[in-house]
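Trainee: Got a structure here, written out as structure tokens. Questions coming.
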Amino acid sequence: MSKYQLPENVKRWLAKSVIMIDLPEDFPFPGLVKLTPYGYHIGIKKNIHGEQRDTLLAHEIGHIIRGDMLVKNVNPLLWNIAADACINSNLSRPIIHELQGVDYDPIAEKYNLNPDQAPGAKIIYDLLKDEIEQQLQQGSMDQHEGMEGNEEECRKAHVRTILEALAEEIVNEGSITSSGKYGNSKSVIAIPKRQPLLESWLLALRSAKIGGTPARFRSWIRPGRIPGMKGIARLPRAKVAVLADVSGSVVSLLPNILGAAKALQKVCNVKVMVWATDAQWYIGPDSVTNVGGGTQLSSAFKITGKNNFDAVVIITDGELADPSESNKIAPVCPIIWCLTENAKAPWKRSRDKVVELV
């Protein structure tokens, strides 16, 4: 019997969210992982069992959770080596050697890295990129087929898989309060941590004079109840709506957005909405596929209303189909445009703020 076994919640998630494939014994790699519009496929060779199989499954799960299939503008083979080294640093070294996987130890020794824990895959990738030909000759314990089919549908399938992993507590929101261009997490079951998305939101809210604890809100509406503080009243916490565009590439950030929104709950009352052609408050993974594939921000504003929130955060690539209509019916409160790299706000009023997703 295997000494190492996958936790029960991981097994439940695999059964529900991942399509398992038996690979023939003459397949050139022990395993593979690929992303399709219908979800992730993990293939394991038929003759791999016990501790080797569980270790290989943990390795492939690492690629899924990290979002390695979504990474762009990199050499895919070299990225696979860097990601493999990152993931394998957390797994059994003897088993990795048996599977002829990428060994992190010589990379750590050569570049004077932490021998016990790999840094982000992007760091390893940058260190190796000048030696591509040499490094590509290293072994790799899996094969990445990348995406098969429509990219937008594949991204939605990825997000659904991650949201289901959240539901099974394989990852938790505390690990995903940041966005990132690269799948650069340090551990197998984790999400990338780069510049915190939450910090950007808080700074924008504060610059708009919104946010914080109830004690920060002051009003002369009614007398204060505390001696010496007459005229100061405590008001309810700020109400913030977070509107996530799930029509394009931004959808892959939805788990990060949910994590940041949950963290923001500590200082504000937050509601998350997903929008595309239609819009609805987020209630679970199905919400992503229930709103169509367009970019009608006005559909979200029709739900938020004009005067129901103290601030609205909009996460989008800025490519709206209805800029004029959405501007006309926008909430009167400050809007924080959270935009992808090089994107521009479709419109902006003097009270609105713009932050870049990084």
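Trainee: Got a sec? How would Thr277, Thr304, Thr55 order by Cβ neighbour count within 10 Å, fewest to most?
Mentor: Placing the least packed residue first, the sequence is Thr277, Thr304, Thr55.
Trainee: Can I ask one more? How fast does the stretch 293-333 diffuse by Stokes-Einstein, in µm²/s, taking the Kirkwood radius from C-alpha pairs at 20 °C and 1.002 mPa s?
Mentor: 203
Trainee: Please list, or write none, the aspartates and glutamates whose alpha carbon is within less than 15 Å of the alpha carbon of Lys16, excluding same-chain residues fewer than 8 places away.
Mentor: Cα-Cα hits under 15 Å: Glu8, Glu164, Glu168, Glu169, Asp286.
Trainee: Can you list residues whose amide H is under 5 Å from Ala345's amide H, if they're 5+ apart or on another chain and H is modeled 1.01 Å from N?
Mentor: Hits under the 5 Å cutoff: none.
Trainee: Let me ask something additional. With just the Cα atoms defining each centre, how far is the stretch 319-358 from the stretch 71-91? Give it in Å.
Mentor: Each part reduced to its Cα centre gives a spacing of 35 Å.
Trainee: Would you list Thr295, Thr36 from fewest to most Cβ contacts within 10 Å?
Mentor: Exposure proxy ranking, most exposed first: Thr36, Thr295.
Trainee: In addition: Given a cut-off of under 8 Å on Cα pairs at least six residues apart, what relative contact order in percent is computed for the stretch 4-136?
Mentor: Here the relative contact order equals 19 percent.
Trainee: Binning every alpha carbon pair distance of the stretch 8-175 at 5 Å from zero, what are the percents per bin?
Mentor: P(r) over the stretch 8-175, rounded to whole percents: 1, 8, 18, 20, 22, 17, 10, 3, 0.
Trainee: Could you give the Stokes-Einstein D for the stretch 61-127 in µm² per second, using the C-alpha Kirkwood radius, 4 °C, 1.567 mPa s?
Mentor: 107
Trainee: May I ask which of Lys271/Lys328; Lys34/Lys72; Lys271/Lys306 have a Cα-Cα span longer than 27 Å here?
Mentor: Beyond 27 Å: nothing from the list.
Trainee: Using the count of nearby Cβ atoms within 10 Å as a rough guide to exposure, how do Met69, Met147 rank from fewest to most?
Mentor: Met147, Met69
Trainee: To the nearest 0.05, how large is the calculated FRET efficiency for Asn290 and Asn73 if R₀ is 25 Å and r is the Cβ-Cβ distance?
Mentor: Once the sixth-power term is evaluated, E becomes 0.20.
Trainee: About the Cα centre of the stretch 8-175, how large is the charge dipole given +1 on each Lys and Arg Cβ and -1 on each Asp and Glu Cβ? Please answer in debye to the nearest 20.
Mentor: Charge dipole, the stretch 8-175, about its Cα centre: 340 debye, nearest 20.
The numbers here are math on the coordinates, done by the rules we state, and not lab data. What you see is a predicted model; the values in this text were computed from it and never measured. Neighbour counts run over all protein chains shown; Cβ positions are idealised from the backbone, glycine included.
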